[in-house]
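K.L.:
First the structure, which I've put down as structure tokens, then a few questions once you've had a look.
The values are calculated or read from the model by the stated rules, or taken from the named source; none is laboratory data. Source: prediction; values computed, not measured. With ideal geometry, Cβ positions are generated from the backbone for all residues, glycine too; neighbour counts draw on all protein chains shown. What goes into the accessible areas is simple: the full protein's heavy atoms, side chains included, and nothing from ligands, DNA or RNA. Shrake-Rupley method; radii C 1.70, N 1.55, O 1.52, S 1.80 Å.
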Amino acid sequence: MSKTASNAIHELIHSLTKSEKRYFKVISSRHTIGEKNNYITLFDYIDQHEEYDEDALFTHFEGESFLNKFSITKSRLYESIMKALSAFHSSSSIEAQIHRLIHSAEILFKKSLYQHAKRQLLSAEKLAKKNDRFGMLIEISNLQKKLIETEGYAKIKEEQLNKIKDQDALYYSKLQYYAELWNIKSKLFIDLNKRGKVRSNEEVNAYKLLIDELQQTSNLEARSFDSEYLYYHINSAYYFAVNNLEKSLYYLLKNSALLRKNTNRIKQEPNLYFSCLSNAIYIQSKLGNYREALTLLKDLKEFPVTFSIKMNRDLEIKLFSSSLSIELTLLIHKGKFEEAIALENDLSVGFKAYKNNIAPLRKAYLNFKMAVAYFGLAEYTTSLKWINKILNNHNVDHKEDLLSFTQILNVMVHLELQHEELLPYTIKSTQRFLKSRNRTYKFESLFLKYMNKISKSENPFEKEDILEEILAKIKILKDDKFESEAFDYFDFESWIESKLKNGSMADIRKKKYQLFLK
């Protein structure tokens, strides 16, 4: 029997908060007969074990009758937990509140208490309209029609029927418009998540097709909060993809303002506001607006308190990973590599606490930034440790830009560690990877070509000439809108300068930051 067989019940139990666990036990303890009494015993056992080992579980409960059909026992325990969660969170969201009212109306309808059902549906309708829940409004409208039919169309006039028809048409148009926007956004993000920002005119044209589709789709009459947010969101992502950071920031701030006008939506869906702030911080830092970035970072950390948001695990994970990622980015920009690696303990604690709940890509980005920080301090062996965490993780294989620059950083580490036998193989392996992913862009090709030259040279003066040559060429590429993405990942210029001046990369980066502020 597999130690991890069917561990869904283990994942569910370990996702519960203390309050949710306590509520489940209170509900379950009311049942004192039969198999249900075993649920708490089994629940407690699974809750006490960090890893799910079904063999050990069977050994522990040997002789218990519920083991005879254990798959059924697990399924029923899972259902019992979900029922308890449903009851516990019955008023935790607008959707839950509306569903409860609709369900109440359905029960009352079956009891032939039609006026009671109408009142429930009216309350549900008001709540759904206030919060732009158009899908639920259609469901409510269908139940209201059912009541009209049941009462034999008594007291209903033709003008009321036409009003219902027009109202339904509006709901459907708003849903349709949102669906079209969502489709465009998803196509944009599939490409953006895979390839990153544009590196050629062909890629610009591919993104432009999507933004043209967005303009053609525009339907002002069908606008709602959700579609307006999505419209700004698509524009901010598009302009980010084509390297127009100012325009991207403009639309991010439009969405932030939209949300601040609708603070209830921030409370209901804090991830929306969180996303706006974290993306705006990143772009402000890329534009060199560090003071604005730090102000927004403070807002990001405080917004759960500012808007009285009840924290959940998903939001905790996002706050942990994004705020730490932003802090690392800002410290690396300033050349404060010592302060960056001082955050390693926070990173390890978070990784341990949230485990597999952190998306592999988020984890990979954090690993990359730690690798860069250690590289900046010339602690190359430790940098390599963080690099290998990314290269050995097959769950991030689709993120081509991150993997490409991780491979390049890997080459630089082996160069610094003077791994003379391994370096040529690492360079060739990286070149093959880039070719297989159609990522043989100017910067990558040029940089690896010169790394290869350096690896073959035994003359220190010749190596210096090669470094001066590559420095001159990458300074030109830095101003190329299609090649500038490389410098978002790593400050190659400061690294080469540190080697030529036999100095510290951290000191060079700090001086550049101070000059920028002036």
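K.L.:
To the nearest 0.05, how large is the calculated FRET efficiency for Q215 and A87 if R₀ is 51 Å and r is the Cβ-Cβ distance?
P.N.:
0.65
K.L.:
Leaving out same-chain residues fewer than 8 places away, which aspartates and glutamates sit with a Cα under 19 Å from that of K363?
P.N.:
Within the straight-line cut-off, K363 pairs with D314, E316, E327, E344, D346, D397, E400, D401, D488.
K.L.:
Got the relative contact order for segment 219-286 handy, in percent, Cα pairs under 8 Å and 6 or more residues apart?
P.N.:
For segment 219-286, the relative contact order is 26 percent.
K.L.:
In degrees, nearest 10, range 0 to 90: what is the angle between the Cα axis of helix 344-354 and the longest Cα principal axis of the chain?
P.N.:
Relative to the chain, helix 344-354 is tipped by roughly 30 degrees.
K.L.:
Taking the Cα atoms of segment 107-161, what is the range of coordinates along each of the three principal axes, in descending order and whole Å?
P.N.:
Computed over segment 107-161, the largest-to-smallest principal extents equal 31, 29, 14 Å.
K.L.:
So if I take the alpha carbon set of segment 145-277, get Rg, then get Rh from the Kirkwood formula, what is the Rg over Rh ratio?
P.N.:
A ratio of 1.15.
K.L.:
Could you tell me the accessible area of E339 in Å² (1.4 Å probe, neighbours in place), rounded to the nearest ten?
P.N.:
We get 100 Å² for E339.
K.L.:
For a quick check of your reading of the filter: which GluC sites (Glu not before Pro) in segment 440-479 sit in a DSSP loop and have no more than 15 other Cβ atoms within 10 Å?
P.N.:
For GluC sites (Glu not before Pro) across segment 440-479 that sit outside H, G, I, E and B with at most 15 neighbouring Cβ atoms in 10 Å, the list reads E458.
K.L.:
Ok, one more. Placing one identical point scatterer on every Cα of segment 327-456 and ignoring solvent, what is log10 I(q)/I(0) from the Debye formula at q = 0.18, 0.19 Å⁻¹?
P.N.:
Scattering profile of segment 327-456, log10 relative to I(0): -1.03, -1.12.
K.L.:
Hey, what did the chain get for relative contact order, percent, Cα under 8 Å, at least 6 apart?
P.N.:
Working: 456 pairs, mean separation 44.8, N = 518.
RCO, the chain: 9 percent.
K.L.:
By how many nm would the segment from F461 to K111 grow when fully extended, if each residue of separation counts as 0.36 nm and the alpha-carbon distance is taken off?
P.N.:
Taking 0.36 nm per residue and subtracting the Cα distance, the gain is 116.7 nm.
K.L.:
Rounded to the nearest whole Å², what accessible area per residue is found for segment 311-422 with the 1.4 Å probe?
P.N.:
42 Å²
K.L.:
Also: Over segment 259-356, with a single point scatterer placed on each C-alpha, what log10 of the ratio I(q)/I(0) does the Debye formula yield at q = 0.13, 0.17, 0.18 1/Å?
P.N.:
So the normalised log intensities are -0.48, -0.80, -0.88.
K.L.:
How large are Rg and Dmax for segment 112-220 when only the alpha carbon atoms are used, in Å?
P.N.:
21.0, 66
K.L.:
Then there's this: Go from 0 up to the bin containing the longest alpha carbon distance in segment 145-194, width 5 Å each, and give me the % of pairs per bin.
P.N.:
The percentages, shortest bin first, are 5, 17, 14, 14, 11, 9, 8, 7, 6, 5, 3, 1.
K.L.:
Sticking with this structure for a sec: As a quick test, which of the pairs K261/K298; K129/K355; K194/K310; K111/K155 have an alpha carbon distance above 31 angstrom in this structure?
P.N.:
K129/K355; K194/K310
K.L.:
Related question: Which value, to two decimals, describes the C-alpha radius of gyration of segment 390-518 once divided by 2.2 N^0.38 Å?
P.N.:
Values: Rg = 15.0 Å, N = 129, 2.2 N^0.38 = 13.9 Å.
Dividing the Cα Rg of segment 390-518 by 2.2 N^0.38 Å gives 1.08.
K.L.:
Determine the principal axes of the Cα atoms in segment 42-197, then give the extent along each, sorted from largest to smallest and rounded to whole angstroms.
P.N.:
71, 57, 24
K.L.:
Here's something else I'd like to know. In the chain, what is the volume of the convex hull around the alpha carbon atoms, normalised per residue and reported in Å³? Each step should come with its number before you reach the end.
P.N.:
On the way: hull volume 98.5 nm³, N = 518.
Per-residue hull volume (Cα only) is 190 Å³.
K.L.:
I've got another one for you. Can you give me the angle between helix 460-478 and the longest principal axis of the chain, using Cα atoms only, in degrees from 0 to 90, rounded to the nearest 10?
P.N.:
40 degrees
K.L.:
I need the peptides 360-367, 264-271 ranked by packing, meaning the mean over residues of other C-beta atoms within 10 angstrom, with the highest value on top.
P.N.:
Result, highest mean first: 360-367, 264-271.
K.L.:
Return one number: the angle in degrees, 0 to 90 and rounded to the nearest 10, between the long axis of the Cα atoms of helix 201-217 and the longest principal axis of the Cα atoms of the chain.
P.N.:
Its long axis makes an angle of about 20 degrees.
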